[in-house]
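The values are calculated or read from the model by the stated rules, or taken from the named source; none is laboratory data. Computed from a predicted model, the values in this text were never measured in an experiment. When we count neighbours, we look across all protein chains shown, and the Cβ atoms used for this are built from the backbone with ideal geometry, even at glycine.
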């Protein structure tokens, strides 16, 4: 039973190590350093000398939390009231688990939603310079905190019991009056605990604020003024958690900067502990005091109305009062239902796009290129059909390539480059210069002369170069050669030559990323990245490129007034307009028309089921392929961490139920458990970095991540296991004791088997929690993408995991933007994984409670 | 005219029949006791009179129930007014976790009375009527939960009286109390019947015999016998009633 002390030990170690790592910072500049930390708004850790003013970080955390709570608390409490008092019990039984399920959605999914969907919306609708700002983070935090608040507050409100409600109703109170004047005051300690829990969730949240809040340490000079705060909402803020997550990767191990970050972690830790003490104090005060006198809630009806109406005689039933009470009651009901609708509506808005877009990773319109990719890379599909299809498409493409070729005099440098790549025997300096002169010829006459010059220099050996020159000559001889160096009329930044190259790159992609068709000749292209080699891998992407081709984005600098520099203006122009009025306008128009008309034929979009998404590794940072390494990483890390946490958790729970006396140590132990449950996950990450990575494993790896997560899920396991062990009827133990079994024996042979289903529930909940966490893995084991962990030293390799990959894709590069279905697919897979585990746990729990009822 | 009249009144919880076609008239004056074994529908019937059963989902009624000539289950019935006029005292004392004063003025305040002197007057009158004034007058601002069980129950009675009801429903008001507290409540009921129509559900047959003027005997949802208390206890006409009051079943 000594293992229970492990929890104490863990919490103490958490404090000690984080304090130990903050010491260099705390002692570096004496009292001045501390004064600066708490009074300065300047967070310039990389300046010389560095300035560590944490005030703006505190402000960032506070402002997003407070704004979030302004939304979350009323919605949460009203929703809890709806579940407890307004809807029938059967509906409550249905919705309560749904809300608990929503509380389990990994935070990275919310962060993903914040930057992918909320940010562009905010930017468009409200005209913010950036959509990732304090308001965005606050809104998302509100949505995240609501399920927690509802769940805990509902327990408290339901716990008030029928008796008090009946007393109120029997005195002629309406439902609103009963709830506001009796039920809520009687359950205030539970509601306060719910609000504190929600606040802690918001303060400790890392991923969402890191992704959505913009991460610039801003703080209005008059931070106490409401108008300043509100106008600051449109700008970026930087929270404590996001600072830790964002900065620590860039700091050397023993730097002052890193130590300052540990100090921030220490402050978070102390804050959590203080909040837990507060909760403890509130609940105990209410429980222990024999005479709680609860003052009446201020109520519109009883406080305000009588002041505007004359006093009534006792019997006289003034109809206005009746009317106001009726309206107040109905208004309350409407407001409450409105709140819970807002809750479900918002969560629907978040989950539906994630799942619908995520589905596209598995079921989608696949182009022939994608089917070819799947065959060449993973041998999926029917080779003959795919190659036949591809041949047919290639035929349709020939026209495009021919048209491009006819216009290729617009890009002479490419011809020169091609000549350079010919064999060594043609590497004749004079010949090459002649070829360059040919390509650079600026009039039909000059072209003629240069071609004749080159012809004289050529011999049999240099036949290939001559062929090339001849080809060019044929194409260029009737062309409007001077056009290539003229600036484009609608976009003077580029010449016609460059405008043509843009088009060709978008179609064949020979210059790097992204293209519609890919290069004409597929042989010898192994060195090209898959996104070029295979063209667009998905019909969605192809359409995006078609749009990009058709509509060019041009940045127009704006002339500022009074010497102010204004951001350039974004203009979208029909790309054919670039060439309007020139001699090649018709050719370009034909090319575009042909491309648009035949895009279907050339790419052959077909409904494709790619269930192997879950079994294939990915290529080029998730550009194509599946998510198997991430799934494996997540599965391994959560399984291993539960293997560590389960024995510790069950033994601690057993100690708490069977052996602990109600003394100071036990109370401290319970406080430690609830502190551990409330510690921001990023602080676990810090601990993992400071202790596990540095002292035990030596580098970020699966084992380090596992140990960090084990600590994080320990309270989940302890709580569910404790509940399970406690619910084993006392009579079982007495029966066993009556047969002469010793306490340990009783526990192993009777209590534990009876509690096993409940413990299993805790296990599943622990696994799902571990699977969804991102922040603790940032510095302990995660890599953005990579292959499977393999081999015998599996524990000592870093691994890709779903949650971190989802984060990485969300904030990722241009490539990631091209594959929205893979971005959403990763998040959807993660959410699905976590929700399925939770649902299993819930069903299990429902079955157990059904069995207990008999 | 009787205060409460029920005609073929039935109550279902889901598909389960709790009260079966009960017809009885409850007179304005005096105490009417309802006795019967557990689960016989006596509480359900009592709670139908001020529609407290509405709080339980899936209840359904048939027949007719009137209080003072008004149909209780009419769609237009104002529940708030009904419950104001039909007060109720529950099995276990259920004072609000507020002060004694706030407990009593809860009902009047809902009706819009705010005048402090008026409220003080109500508190004093009600506490006196509930025989709690002497014990509670100095601790009006203390929490009601600090009172003993019997005091709490009398406080609940005082609280019910504060809305000036005409009928007082009591659902086994003494079952959670010790004999001394029970005695006090019984004395109180005998006084209260002068002013209010009192209907009391009780498990305790001696109690029914001591305080009631008329007694109704329920069994498995049926009203078996309803008569003067003396007649029921000395000369019951139904053998089932006789078996119950002599303790042969129940």
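The figures follow:
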item: Failed condition for residue A:852, given (1) modelled with pLDDT of 80 or more; (2) under 20 Å from residue A:763 (Cβ atoms); (3) out of contact with any helix residue (DSSP H, G or I) (no Cβ under 6 Å at 6 or more places or on another chain); result: (1)
item: Residue in segment A:34-54 that is modelled with the highest pLDDT, counting only those that are under 28 Å from the mean Cα position of the chain (by Cα) and surrounded by 16 or more Cβ atoms within 10 Å (Cβ to Cβ); result: A:54
item: Selection within segment B:122-143 - modelled with pLDDT of 90 or more and facing chain A (nearest Cβ under 9 Å); result: B:122
item: Every residue from segment B:45-59 that is at pLDDT 85 or above and either more than 14 Å from chain A (Cβ to nearest Cβ) or assigned to a loop (DSSP other than H, G, I, E, B) (or both); result: B:45, B:50, B:51
item: Enumerated helices (runs of 4 or more DSSP H) restricted to segment A:446-548, each holding at least 3 residues that are out of contact with any strand residue (DSSP E or B) (no Cβ under 9 Å at 6 or more places or on another chain) and surrounded by 20 or more Cβ atoms within 10 Å (Cβ to Cβ); result: A:463-476, A:496-508
item: Segment A:801-824 - residue that is in a helix (DSSP H, G or I) and over 12 Å from the mean Cα position of the chain (by Cα) and, of those, surrounded by the fewest Cβ atoms within 10 Å (Cβ to Cβ); result: A:814
item: Within segment A:196-234, tally of residues that are under 28 Å from residue A:774 (Cα atoms) and out of contact with any strand residue (DSSP E or B) (no Cβ under 6 Å at 6 or more places or on another chain); result: 23
item: Candidates B:162, B:181, filtered to the one that is buried (at least 23 other Cβ atoms within 10 Å of the Cβ) and either closer than 17 Å to residue A:166 by Cβ or touching a helix residue (DSSP H, G or I) at 6+ places or on another chain (Cβ under 7 Å) (or both); result: B:162
item: Filter result for residue B:22 (crowded, with 21+ Cβ neighbours inside 10 Å, more than 13 Å from residue B:167 (Cα to Cα) and away from chain A (no Cβ under 14 Å)); result: yes
item: Pick from segment A:725-747, criterion surrounded by 15 or more Cβ atoms within 10 Å (Cβ to Cβ) and not in a helix (DSSP H, G or I), ranking: modelled with the lowest pLDDT; result: A:741
item: Some residue of segment A:90-106 being surrounded by 15 or more Cβ atoms within 10 Å (Cβ to Cβ) and under 22 Å from residue A:215 (Cα atoms); result: yes
item: Counted residues, segment A:221-245 - those being at pLDDT below 85, farther than 19 Å from residue A:40 by Cβ and not in a loop (DSSP other than H, G, I, E, B); result: 5
item: Hey, residue A:173 buried (at least 24 other Cβ atoms within 10 Å of the Cβ), away from chain B (no Cβ under 14 Å), touching a helix residue (DSSP H, G or I) at 6+ places or on another chain (Cβ under 8 Å) and modelled with pLDDT under 90 or not; result: no
item: Residue within segment A:211-219 that is part of a helix (DSSP H, G or I), more than 14 Å from chain B (Cβ to nearest Cβ) and within 30 Å of residue A:237 (Cβ to Cβ) present; result: yes
item: Failed condition for residue A:156, given (1) crowded, with 22+ Cβ neighbours inside 10 Å; (2) farther than 30 Å from residue B:48 by Cα; result: (2)
item: Residue selected from segment A:201-226 under the condition without any contact (Cβ under 8 Å) to a residue 24 or more places away in the chain and either in contact with a helix residue (DSSP H, G or I) (Cβ under 6 Å, 6 or more places away or on another chain) or within 19 Å of residue A:129 (Cβ to Cβ) (or both), by the criterion surrounded by the most Cβ atoms within 10 Å (Cβ to Cβ); result: A:220
